[in-house]
1. Could you give the C-alpha radius of gyration of region 72-172 expressed as a fraction of 2.2 N^0.38 Å, taking N as the number of residues it contains?
2. From the backbone phi of region 231-238, what are the Karplus-calculated ³J(HN,Hα) couplings (6.51 cos²θ - 1.76 cosθ + 1.60, θ = phi - 60°) in whole Hz, Gly and Pro given as x?
3. Take every DSSP beta bridge whose two residues both sit in the chain, then give the antiparallel share in percent to the nearest 5.
4. So for each of 227-235, 246-254 I average, over its residues, the number of other beta carbons within 10 Å; can you give me the resulting order with the highest mean first?
5. Can you give the charge dipole size of region 59-326 about its Cα centre, rounded to the nearest 20 debye, using +1 on the beta carbon of Lys and Arg and -1 on the beta carbon of Asp and Glu?
6. Using the per-residue mean of other Cβ atoms lying within 10 Å as a proxy for protection, in what order, highest first, do the peptides 271-284, 188-201 fall?
7. Given bins 10 angstrom wide, list per bin the percent of all Cα-Cα distances in region 257-349, short to long.
8. Taking the chain as a Gaussian network, Cα atoms linked when under 10 Å apart, which of Lys237, Lys294, Lys212 shows the biggest mean-square fluctuation?
Amino acid sequence: MKIMEKVLKNIEKVDESQKAQMQEYVDGLLKPMGSLGVLEGIAVQVAGIDPELFNKPTKKAVLVFAGDHGICEEGITSAPQPVTALMTNFIANGKSGVGAISRQAGADVIVTDVGVNATLDNPNVRNKKVRFGTGNMVKETAMTREEAVQALEIGMETALEMIDKGYNVLATGEMGIGNTTPSSAIFSVFGNIDPQEVTGIGANLSSDLLDKKSEVIRRAIEKHQPDPQDPIDVLYKVGGLEIAAMAGAMLAGASKKVPVLIDGFISSAAAAIAVKMDPCVNDYLICSHASAEKGAQKGLELIGFKPYLYMDMRLGEGSGAALAFNVVDAAISMVNNMGTYAEAGIDVV
Ligand SMILES: Cc1cc2ncn([C@H]3O[C@H](COP(=O)(O)O)[C@@H](O)[C@H]3O)c2cc1C
Ligand SMILES: O=C(O)c1cccnc1
C-alpha cells in the first residue's frame with residue numbers, strides 16, 4: 001500500500017503554461033498553422049508533461065503484463081488458456097507482434113508475469129506472480145481487493161524501476177487469454193451500459209458465441225455489483241491482474257511526469273481504472289490507436305480519449321502503442337528540427 005500512496009500523492013496536473021508556450025512555438029513553425037495536425041497536439045501535450053523531453057533522446061519501453069482469467073472456463077474465448085503462458089514466453093523472447101513493431105520503433109519490451117496460470121521458467125520474464133490466474137467472475141470475485149492492490153503496485157514498481165533506468169516514454173501492453181471479457185465488464189460498469197454494447201470477438205471468438213460472452217459479463221456484474229465510484233472495487237470484482245498492473249504503470253508514469261501510451265481495448269480498460277483513480281492521469285496518457293475490437297471506441301469515449309492511428313489492429317500486447325512511439329518521436333522532431341517564420345523573416349500564414 002505504501003507505494004500506491006506515494007504514487008497517488010505525487011500525481012500533479014500537467015503544466016498549462018508550458019503547453020501554452022509550446023502551442024505558440026508550434027504555431028510559429030514554418031508551415032500553415034495547424035497543418036501538422038495531431039503531431040502539433042502531441043507536442044503540446046508532451047510539453048505540458050515534461051519540456052525536458054525535447055532536450056534528450058527518447059528511451060522507450062513497452063511494459064507488458066501477463067495474467068490468466070478464470071472466466072475462460074465459461075467458453076468465451078477462441079484460444080485455450082495455456083496460450084497465455086506460451087505467448088508470454090514468445091513476447092519475452094522477442095518473437096511476437098509487439099516485439100517486431102517495438103524493434104522498428106527502437107523500443108524495449110519488458111515482460112512481467114503478474115498472474116499466468118503456469119510457472120514460467122524464463123529469464124526474460126520478470127516473475128511477480130500474484131496468483132495463478134483470476135477466479136471465474138461468474139462464481140467468485142476475480143481476485144481479492146488486496147490482490148488487486150498488489151497487482152496495481154507491481155505495475156507501479158515496474159514503471160518506477162524503468163523510469164529510474166532512464167526510460168522516458170512508456171507504453172502498456174498485455175497478454176492474457178480471456179482478457180477482453182473483464183475489459184468489457186469494466187467499461188460496462190463505468191459507462192452503466194449493457195455489456196453487449198462493449199463486447200466483441202476478442203481474439204476471433206466465433207460470432208455465434210458473442211451473446212454468451214456478454215451474458216457471462218452481465219451475470220458477473222449482477223452478482224458482484226461493482227461500484228463505479230470505486231475503481232479498485234471494479235478491478236477486483238470483474239477485472240484482471242494484468243489490467244491492474246497496467247493501470248498501476250500508468251499512474252506511476254504520471255507521478256514521474258513520464259508519458260504513457262495506451263494500446264488497444266484492454267489497455268484502455270486499464271486506463272479507465274487509472275483515470276478513475278486520479279483524473280489528472282488523463283493528461284499523461286497518449287491514446288495510440290483505434291482498436292478494431294467492438295467497444296474500443298466507446299470505451300475510449302467514456303474516458304475522454306480520441307485515438308490517433310486507424311490501422312484496424314486488434315492484437316493487444318502493446319503493439320499499437322509501440323507503433324505510436326514513432327508518432328511521439330515525430331512530434332518531438334517537428335519541434336526540434338523545423339525552421340520558424342521568424343527565421344524566414346515572413347509573417348505566420
Ligand atoms: C496467439 C495469440 C496471440 C495474442 N497476442 C495477443 N492476444 C490478445 O488476445 C487475448 C484477448 O482476446 P480474448 O479475450 O478473446 O482471449 C489477449 O491475450 C490479447 O493480448 C493474443 C491472442 C492469441 C490467440
Ligand atoms: O485491442 C486490443 O487490445 C485487443 C483486441 C482484441 C484482442 N486482443 C486485444
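1. Here the Cα radius of gyration is 1.18 times the empirical estimate.
2. For region 231-238, the Karplus curve yields x, 6, 4, 5, 4, 7, 7, 10 Hz.
3. Details: 1 of 25 bridges.
Within the chain, antiparallel bridges account for around 5 percent of the total.
4. Descending packing order for the listed peptides: 246-254, 227-235.
5. 500
6. Values: 271-284: 22.6, 188-201: 19.8.
My ranking of the peptides, most packed first, is 271-284, 188-201.
7. Histogramming region 257-349 at 10 Å steps yields 16, 41, 23, 14, 6, 0 percent.
8. Highest fluctuation of the listed residues: Lys212.
Every number in this text was worked out from the coordinates using simple rules, so none of it is lab data. All values reported here derive from a predicted model rather than from experimental measurement. For neighbour counting, all protein chains shown are included, and Cβ atoms are generated from backbone atoms with ideal geometry for every residue, glycine included.
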